[in-house]
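The values are calculated or read from the model by the stated rules, or taken from the named source; none is laboratory data. Note that the coordinates shown come from a computational prediction; the quantities given were computed from them, not determined experimentally. So basically every Cβ, Gly included, is an ideal-geometry build from the backbone, and we count neighbours across all protein chains shown.
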Ligand code: NAD
């Protein structure tokens, strides 16, 4: 492909991806499957790596999320809320592991966690009291949704110790609540939500907190934005500390000594995924030691010390099954 041809394809992909991002992140109303989005993003990444001169700062490959809604007060994140790199198969997980080991020059231990399919949020506690909750937004600026987040019963309004900390996690709607909500909506003649992720995001981005309060939302906290804490040296220790503070963490995380153990964990969850009461769309793999995380650093969009293995999208599989059945 000539650079001119590439430029044309790139511009077309960027236009489409910008539109999909807006529908998904700002309107909570996607028009295409995640699988389709991921494929187009892949295509764009491949072309940009073949033609690095054509990379621009505003390309969707360089940006997180989309603009926050004007309806909410804006929140500037002290520490950017980033996205995650993706791996779609075993080879890409091994490539990630190789990059990490080359980057640190050391062996590494990983923490694997379920990738909860909800809305990324940040919670700020001052002296143990919840003072602010925000969406990720475009990574730098989010929306103040404190009133809505306060309606989630698993979010403590006061921690068990008077810590000042900014924690990050995923707010989500359990499958059972999602099915019940859609049943009610349909019997009222309202449009049902496409999936629990959209239902959760749509509920938390309502101006009236009474709506969120009725939606039975839940949360898992999985990381720290900012914390003056000298004692923890590893992500796994932090997860334990968050739990001690009274924050809800997901119990299924596992420390893995090498990439083979990571791959076994991933395989085991491909099978067990339907048994969960909430949706996951993959597995997040994080370097455990914080000093190694720091040495690896970040790209413009995501940390180099973590990646997300993406399951083949359930929606796509369901759609494919339907096609097969109808042939
Ligand atoms: P992402 O969802 O692939 O990964 C980053 C996010 O994972 C984080 O922000 C965090 O919220 C979440 N996460 C869940 N569990 C986590 C854990 N245990 N540890 C750390 N993070 C965890 O990236 P993204 O930038 O939020 O969104 C991109 C994805 O969204 C795409 O790959 C696509 O699947 C979907 N999308 C779909 C459309 C569409 O139109 N269908 C449009 C845009 C994006």
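Within the set 6, 71, the sole residue that is closer than 24 Å to residue 173 by Cβ, surrounded by fewer than 17 Cβ atoms within 10 Å (Cβ to Cβ) and away from the ligand (no atom under 12 Å from the Cβ) turns out to be 71. Scanning the stretch 266-289 for residues that are within 15 Å of the ligand (Cβ to nearest atom) and either in a loop (DSSP other than H, G, I, E, B) or more than 19 Å from the chain's Cα centre (by Cα) (or both) yields a total of 4. Identify all residues within the stretch 9-29 that are closer than 17 Å to residue 197 by Cα, more than 8 Å from the ligand (Cβ to nearest atom) and free of Cβ contacts under 8 Å to residues at least 24 places away in the same chain; write none if there are none. Selection gives 27 alone. Close Cβ contacts (under 7 Å, 6 or more residues apart or on different chains) running from residues in the stretch 30-41 that are near the ligand (Cβ under 6 Å from one of its atoms) to residues that are in a helix (DSSP H, G or I) and at pLDDT 90 or above comprise 30/20; 30/23; 30/24; 32/20; 37/20.
Every condition in (1) without any contact (Cβ under 8 Å) to a residue 24 or more places away in the chain; (2) assigned by TED's automatic domain parsing to the domain that holds residue 172; (3) within 16 Å of the ligand (Cβ to nearest atom) is met by residue 45 except one, and the failing one is (2).
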